[in-house]
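Asker: Quick one: the structure is below, and I'll ask about it shortly.
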Amino acid sequence: MHSLATAAPVPTALAQVDREKIYQWINELSSPETRENALLELSKKRESVPDLAPMLWHSFGTIAALLQEIVNIYPSINPPTLTAHQSNRVCNALALLQCVASHPETRSAFLAAHIPLFLYPFLHTVSKTRPFEYLRLTSLGVIVETGFHHVGQAGLELLTSSDLPTLASQSAGITGALVKTDEQEVINFLLTTEIIPLCLRIMESGSELSKTVATFILQKILLDDTGLAYICQTYERFSHVAMILGKMVLQLSKEPSARLLKHVVRCYLRLSDNPRAREALRQCLPDQLKDTTFAQVLKDDTTTKRWLAQLVKNLQEGQVTDPRGIPLPPQ
C-alpha cells in the first residue's frame with residue numbers, strides 16, 4: 001500500500017491548499033458513508049493539486065471506489081431513470097478519473113487497466129434529459145483527456161465552464177493537448193475497443209457540445225495513419241462515417257455551429273487523403289460544402305475556409321472531365 005504521507009513536497013502555489021484535508025478526503029473515498037462529500041471536495045480541488053492523480057492512483061482502494069460509483073449507475077441507464085443528483089455524483093467521480101487519465105505518470109496505467117471501458121455504457125445512452133447529457137459529455141471528457149490532452153491550434157476549441165450547466169461544470173472541463181508521445185497507444189486502444197460507433201451515435205443525436213467533442217475524437221483518430229487506414233479499410237466503416245458526417249452537414253446548414261463545422265470539415269479533409277475514400281467522396285460530399293451555404297458562418301474562420309478549399313481541390317485533382325469541364329463518372 002502506498003503511503004500518502006510520503007507524497008511530494010507541497011509546491012508554493014498550493015500553500016492555500018490543506019494537504020491533510022486532501023489526504024483525508026482520499027481516505028474517505030473508501031467508505032460509502034463519507035464518499036459523496038469527498039468526491040465533491042476532491043473534484044473541486046483537482047485543478048489546484050498537480051499531483052492529485054498519482055495520489056489517487058496509488059492510494060489503497062481509491063480507483064475501486066471510483067469504479068464502484070460508475071457501476072452503481074448502470075441500473076439507472078436502462079430504463080433511463082438517472083436523476084440530477086445521481087448524475088452530479090457520478091460526474092464528480094468521472095472528474096477524478098479524468099484527472100488520472102490526463103496525468104503523464106498515470107495515463108498509461110489507466111489505459112492498460114482498460115478503465116475507459118467502464119464509461120462506454122454511458123456513451124451508448126440516447127436519453128436527451130439533462131442528467132444523461134452531462135453524463136455523456138463528462139465521459140467523453142475522460143476519453144479526450146486520456147489521449148489528446150492539451151489544446152493545440154488545430155484542435156478542440158477550449159470548452160470552458162461557461163459552455164456547461166452548473167451540474168457538469170466541475171466535471172467536464174475539457175482542456176488538453178493534441179500531440180502526445182504515447183498517442184499511438186491511445187489510438188490503438190480506441191480502435192480495438194470500438195469507440196468509433198459510439199462517437200458516431202453521439203455525433204448523430206447528441207447536443208451541440210457533445211457532438212463537438214465526439215467529432216473531435218473521430219478527427220484525432222483519422223489524423224493518425226492507423227486510424228485513417230482502419231476507417232477506410234471496409235466500405236461499411238467508411239460509409240457509416242460518411243453518412244453521419246453528411247447528416248451533420250445538413251443539420252448544420254439549418255442550425256449553424258462554427259466550432260462543430262470546423263471539426264466536420266477537418267474529418268472530411270483527412271478522409272480525402274485516402275485514395276478510395278477520395279473517390280467515394282466525389283460522389284457523396286454534401287452540396288452545402290461546395291456552395292456558399294456556410295460562407296457567413298466561416299467568414300472569420302480562415303483555418304476552416306482553407307481546409308474546405310483544400311478538400312474541394314483534393315476531390316477535383318485527378319478527376320476525369322468531358323470537354324465542357326463536367327466530371328465523368330468513374331469507369
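Asker: Could you give the length gained by full extension between residue 300 and residue 77, i.e. 0.36 nm per residue of separation minus their alpha carbon distance, to one decimal place?
Answerer: 76.1 nm
Asker: While we're looking at this one, here's another question. Can you work out the FRET efficiency for the pair residue 37 and residue 128, with r the C-beta to C-beta distance and R0 = 35 Å, to the nearest 0.05?
Answerer: Rounded to the nearest 0.05, the efficiency is 0.70.
Asker: May I ask you to evaluate 6.51 cos²θ - 1.76 cosθ + 1.60, the Karplus curve with θ = phi - 60°, for each residue of region 218-226 and list the ³J(HN,Hα) values in order in whole Hz, giving x for glycine and proline?
Answerer: 4, 4, 5, 5, 5, 5, 8, 4, 5
Asker: Let me ask something else. Region 191-331: D in µm²/s via Stokes-Einstein (Kirkwood Rh, Cα pairs, 10 °C, 1.306 mPa s)?
Answerer: The calculation lands on 103 µm²/s.
Asker: How high is the FRET efficiency between residue 313 and residue 205 when r is their beta carbon distance and R₀ equals 45 Å, given to the nearest 0.05?
Answerer: Rounded to the nearest 0.05, the efficiency is 0.90.
Asker: Tell me the label-point distance for the pair residue 251, residue 188, using the 7 Å Cα-to-Cβ offset, in nm and rounded to one decimal.
Answerer: Reported label-point gap for residue 251 and residue 188 is 3.4 nm.
Asker: Ignoring ligands, DNA and RNA, what accessible area per residue does region 202-253 give at 1.4 Å, in Å²?
Answerer: About 35 Å² of surface per residue is accessible.
Asker: For the residue pair residue 24 and residue 273, what label-to-label distance in nm results when each label sits 7 Å from Cα along the Cα-to-beta-carbon direction?
Answerer: About 5.2 nm, to one decimal.
Asker: Here's another thing I want to ask about it. Set the bar at 18 Å for Cα to Cα. Now go through 254/290; 21/45; 262/290; 220/290 and name every pair that lies beyond it.
Answerer: Pairs exceeding the cut-off: 220/290.
Asker: Could you run the Karplus curve 6.51 cos²θ - 1.76 cosθ + 1.60 with θ = phi - 60° over region 200-212 and give me ³J(HN,Hα) per residue in whole Hz, x for Gly and Pro?
Answerer: Values per residue, Gly and Pro as x: 5, 4, 5, 4, 7, 10, x, 6, 4, 5, 5, 4, 4 Hz.
Asker: While we're here: Please identify every one of the GluC sites (Glu not before Pro) in region 11-82 that sits in a loop by DSSP and has no more than 16 other beta carbons within 10 Å of its own beta carbon.
Answerer: When the GluC sites (Glu not before Pro) of region 11-82 are filtered for loop state and at most 16 Cβ neighbours within 10 Å, 47 remain.
Asker: Ok, one more. Could you run the Karplus curve 6.51 cos²θ - 1.76 cosθ + 1.60 with θ = phi - 60° over region 20-37 and give me ³J(HN,Hα) per residue in whole Hz, x for Gly and Pro?
Answerer: 4, 5, 4, 4, 4, 5, 4, 5, 6, 5, 6, 9, x, 5, 9, 5, 4, 5
Asker: Across every pair of different alpha-carbon atoms, what Kirkwood hydrodynamic radius in Å does region 19-149 reach?
Answerer: 14.7
The values are calculated or read from the model by the stated rules, or taken from the named source; none is laboratory data. Owing to the predicted nature of the structure, the values given are computational and were not obtained by experimental measurement. FYI the Cβ positions are ideal-geometry reconstructions off the backbone, even for glycines, and counts take in every protein chain you see. The area values use the complete protein model at the heavy-atom level, side chains included, leaving out ligands, DNA and RNA. Shrake-Rupley method; radii C 1.70, N 1.55, O 1.52, S 1.80 Å.
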